[in-house]
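Encoded as structure tokens, the structure appears first; notes follow it.
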Amino acid sequence: MKSAHLIKLNVFSKEEDNFDAVFKKFLEFFPFDLEKEKISLRKNTASGFEDKKIIILEAALTKDKHIKEFLKTLLKNLDAEEKTLILNQAESRLDKNLDFFLRFDKDDLIKNNKLVLTDSGNCFHIRISIAAFPKKTEAALEAIKNIFS
């Protein structure tokens, strides 16, 4: 059964960040080679405060095969505590379009190789468009429960 229509992952890398470390961790979310699978990796540049350069990395998955592999890898890297927290916060992380949002602390992932949920902006940001039928919050919450249990 299809669990999601789309998964988007993005991260901002500021000048003071180690871009190579951020990029490496970004790629580790994907258990396959983006280029071989013909998945575009967008790299944009923006200006932050005091005209500091910010690099924005973004990739989107739409194929069911890629989505399943991504979620499997994500679940493998989450500890039981984080999975429980995701399930407990599921309703607040779901919007009216049935997009489910997860943010993982960038520093914890880079320094400690640990996925830790955060509400801060300094994070790896994942948006999962939940496949739910009927397209209602209750069905989406049940699908989230099935994914993260």
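For the range 101-116, what are the residues that are open to solvent by 20 Å² or more (accessible area, probe 1.4 Å), of a type outside the set (S, T, N, Q) and part of a helix (DSSP H, G or I)? Passing the criteria: ASP107, ASP108, ILE110, LYS111. Exactly one residue out of PHE49, PHE19 is farther than 28 Å from LYS136 by Cα and out of contact with any strand residue (DSSP E or B) (no Cβ under 8 Å at 6 or more places or on another chain): that is PHE49.
This table checks each residue for (1) in a strand (DSSP E or B); (2) at pLDDT 95 or above; (3) β-branched (Val, Ile, Thr).
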| position | (1), (2), (3) |
| --- | --- |
| ASN44 | yes, no, no |
| GLU50 | no, no, no |
| LEU57 | yes, yes, no |
| ILE67 | no, yes, yes |
| PHE70 | no, yes, no |
| THR73 | no, yes, yes |
| LYS76 | no, yes, no |
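Filtering the range 1-39 to residues that are surrounded by fewer than 16 Cβ atoms within 10 Å (Cβ to Cβ), over 15 Å from the mean Cα position of the chain (by Cα) and under 23 Å from ASN97 (Cβ atoms) leaves MET1, LYS2. Would the range 92-100 turn up any residue that is surrounded by 11 or more Cβ atoms within 10 Å (Cβ to Cβ), touching a residue at least 60 places away in the same chain (Cβ under 8 Å) and assigned to a helix (DSSP H, G or I)? No, the range 92-100 contains no residue that is surrounded by 11 or more Cβ atoms within 10 Å (Cβ to Cβ), touching a residue at least 60 places away in the same chain (Cβ under 8 Å) and assigned to a helix (DSSP H, G or I).
The values are calculated or read from the model by the stated rules, or taken from the named source; none is laboratory data. What you are looking at is a predicted structure, and each value in this text was computed from that prediction instead of being measured. Quick reminder, even Gly has a Cβ in these numbers, built from the backbone with ideal geometry, and neighbours come from all protein chains shown. The area values use the complete protein model at the heavy-atom level, side chains included, leaving out ligands, DNA and RNA. Shrake-Rupley method; radii C 1.70, N 1.55, O 1.52, S 1.80 Å.
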